[in-house]
Amino acid sequence: MSRLASLASRALAIFVVLWLGLAQARAERSEVRIGVLAYQGEVAAAEDWTPLAAALELALPGRQFVLRYFGLQELWQAVADQQVDFVITHGGQYVALESRFGASRIATLEDPRFASPGKALGSAVVVRAERQDIVNLADLAGKRLAAVAPDAFGGYLAALRELDEVGVGPGDLATIDFTGFPMQKALQELTEGRVDAAVLRACMLEELAAAGSIDATAFRVLSSRAENGFPCQLSSRLYPDWPFVSLHHTDRALAKEVATALLGMAPLPDGVAWTVPADYQDVHALYRELKIGPYAYLRDTTLLAWLKRLWWVFVGLFLIFAAGVVHAVRVEHQVAARTEALRKALAERDAAQARIQAQQQEAEHLSRLSILGELSSTLAHELTQPLASIANFAHSMVRRLDSGRYTPELLAGASRDIASEAERAGGIVQRIRSFSKKRVAIRQDCAPDELVDEAVALFCSMLAPPPEFKIVSDLPPATLIEGDPLQLQQVLLNLFKNAWDAMQALPSAQRRIDLEIRRYDSRCTIRVRDYGCGLDDAQMASLFEAFFTTKPDGLGLGLSICKSIIEAHAGRLVASRPDKGPGMCFTVHLPAHERTA
Ligand code: ADP
């Protein structure tokens, strides 16, 4: 007996130790809380889901899985309060949790009765078979409907979407009678004639008929549609089965462990298993179309609601607009600044050009005066001659008048001579005056022959004795050049004067200037050739540079001014040595055109 007692006490001790150890082990295991939508009550849900918790604990020995049962609202609150780590609920609530709390599905329930877990839930809208007046969903307008609950998925919402699509919204029904769970209550309402139609979860009718609870032929499913691989009658399209949902605050590693366990799990006793997460976009579409759940805001179309919902779009647009305005203002400012800078630069350039032009005119004027100055000694002599002749004629007329030896013819002849000499002197003065006057350049058509003749006349009138001019011209008579006659004459006079200077060593009878005026297509050339001292290569190279001179009293500006005058007339001034004999050639090239009638 004492042996038996000792055995019993030993067994008790072992049991106590084991029990304590087990309890401790349980306490050490971390708790994982799964919130379950218990739409049919806690007892029914516990029956469905306890095997799952057990299977998970088996797969993850370090974890203790605790199932908590909620209605839709309570489950929502539990997620908001982070009272659960995972959620098992229908697709409708899942998309709402996804939108609001960033929940994500890690697996989808796979029912062996259905071909695809993505097409497992739907509604059957049922009428009594004898109701010939109700054939399809559209006929329900104005009729009474029974459904489970406003937020039941298969028991209401899936059907509501189809009704909505055929233009029968909840407001178009006479009444909606929400019976609550169990779902048979809705069917009972129909059987007892309190409603015209009832919304049931797809397959419910078939299940009840199989269980012998109803006579399936007493009912008819409206707008029945066939779905491939789906064994029951349907009024709606099909949606994915329930997801196993991980929450935003759920530990990532835990979610991964649970997902792996779910996917690797053998089917539960009722045959269901878990598979890779299905696509719940169509559930989103349902909510969006019905403007409920996460899309309830779509019902609110007031401006304030729009602003609240799309504030970030408005803020974005405002920022883009503000950036655009800032950019436009900046660009405008830059454009204004650059325009101002450009305007200033242009004004400065114009002022500089005006200064240069004025200086050039001044230089040209000085150059003309310088030519006159250099020729003035002989000019005085030139003027003295006609004046002396005039004086002689006048004296001789006075003497003849005094002595009475005169005839009218004699007096008339002497007067004509006086007039002609006076005109000659006046012509000289006139030409010099017009040559020396200061004025702005002009542009007009000029005949090259006439320009040359006038320059030669002016030059010869200032020199005694003048050099011999030999002029050869093959210009067609209608040839014209466009330019300033005074400036072109100045160029010719400068060339003549230089030729004259270069021939100073020669006896005056040998001082000769050859002029050739020719036409080559669109050009006219005037070549001035002298027989003077000529220039060596080095002098030729610097000929047109300002201040290059070989003369003791020279300025060295004449040729450079001539060159710039000719270039301003779109022409060229070229210096060369003659093919034969001494001296230099200067050729003026100018654009020519024909006189138009
Ligand atoms: P300036 O006559 O005041 O010296 P120019 O510019 O008219 O200024 O002439 C520059 C120089 O070119 C002259 O000093 C002279 O040496 C040379 N030159 C110009 N024309 C001739 C010419 N026909 N023959 C020889 N030398 C010339």
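Below, the figures for the structure above:
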read-out	value
Sole exception among (1) without any contact (Cβ under 8 Å) to a residue 40 or more places away in the chain; (2) open to solvent by 20 Å² or more (accessible area, probe 1.4 Å) for residue 581, by number	(1)
Given (1) surrounded by 12 or more Cβ atoms within 10 Å (Cβ to Cβ); (2) in a helix (DSSP H, G or I); (3) of a type in the set (Phe, Trp, Tyr), number of the condition residue 274 does not satisfy	(2)
Where residue 256 falls short, out of the listed (1) in a loop (DSSP other than H, G, I, E, B); (2) open to solvent by 30 Å² or more (accessible area, probe 1.4 Å)	(1)
Of all residues in the range 565-595 being more than 12 Å from the ligand (Cβ to nearest atom) and in a loop (DSSP other than H, G, I, E, B), the one that is nearest to residue 533 (Cα to Cα)	581
Subset of the range 486-520 [open to solvent by less than 40 Å² (accessible area, probe 1.4 Å) and farther than 30 Å from residue 476 by Cβ]	500, 502, 503, 511
Leading residue by the ranking (least open to solvent (accessible area, probe 1.4 Å)) among those in the range 546-564 that are at pLDDT 90 or above and more than 6 Å from the ligand (Cβ to nearest atom)	562
Scan of the range 288-345 for residues that are among the hydrophobic types (A, V, I, L, M, F, W, C), over 30 Å from residue 101 (Cβ atoms) and open to solvent by 70 Å² or more (accessible area, probe 1.4 Å), ordered by number	320, 321, 326, 329, 335, 342
Scope the range 457-478; condition charged (D, E, K, R) and in a strand (DSSP E or B); matching residues	468, 470
Of all residues in the range 452-475 being among the hydrophobic types (A, V, I, L, M, F, W, C) and in contact with a strand residue (DSSP E or B) (Cβ under 8 Å, 6 or more places away or on another chain), the one that is surrounded by the fewest Cβ atoms within 10 Å (Cβ to Cβ)	472
Residue list for the range 64-85, filter: in a strand (DSSP E or B) and open to solvent by 50 Å² or more (accessible area, probe 1.4 Å)	68
Residue within the range 240-252 that is in a loop (DSSP other than H, G, I, E, B), among the β-branched types (Val, Ile, Thr), more than 22 Å from residue 283 (Cβ to Cβ) and open to solvent by less than 50 Å² (accessible area, probe 1.4 Å) present	no
Residue satisfying all of: in the range 86-120; assigned to a helix (DSSP H, G or I) and among the small types (Gly, Ala, Ser); surrounded by the fewest Cβ atoms within 10 Å (Cβ to Cβ) among these	99
Where residue 220 falls short, out of the listed (1) over 55 Å from the mean Cα position of the chain (by Cα); (2) farther than 12 Å from residue 124 by Cα; (3) crowded, with 19+ Cβ neighbours inside 10 Å	(2)
Among the residues listed as 535, 555, 543, the single one being within 23 Å of residue 359 (Cβ to Cβ), more than 56 Å from the chain's Cα centre (by Cα) and in contact (Cβ under 8 Å) with a residue 40 or more places away in the chain	555
Checking residue 148 against (1) at pLDDT 95 or above; (2) open to solvent by less than 50 Å² (accessible area, probe 1.4 Å), the condition it does not meet	(1)
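The values are calculated or read from the model by the stated rules, or taken from the named source; none is laboratory data. Source: prediction; values computed, not measured. Cβ sites come from the backbone with ideal geometry, for glycine too, and all protein chains shown count toward neighbours. For accessibility, only protein heavy atoms count, side chains too; no ligands or nucleic acids. Shrake-Rupley method; radii C 1.70, N 1.55, O 1.52, S 1.80 Å.
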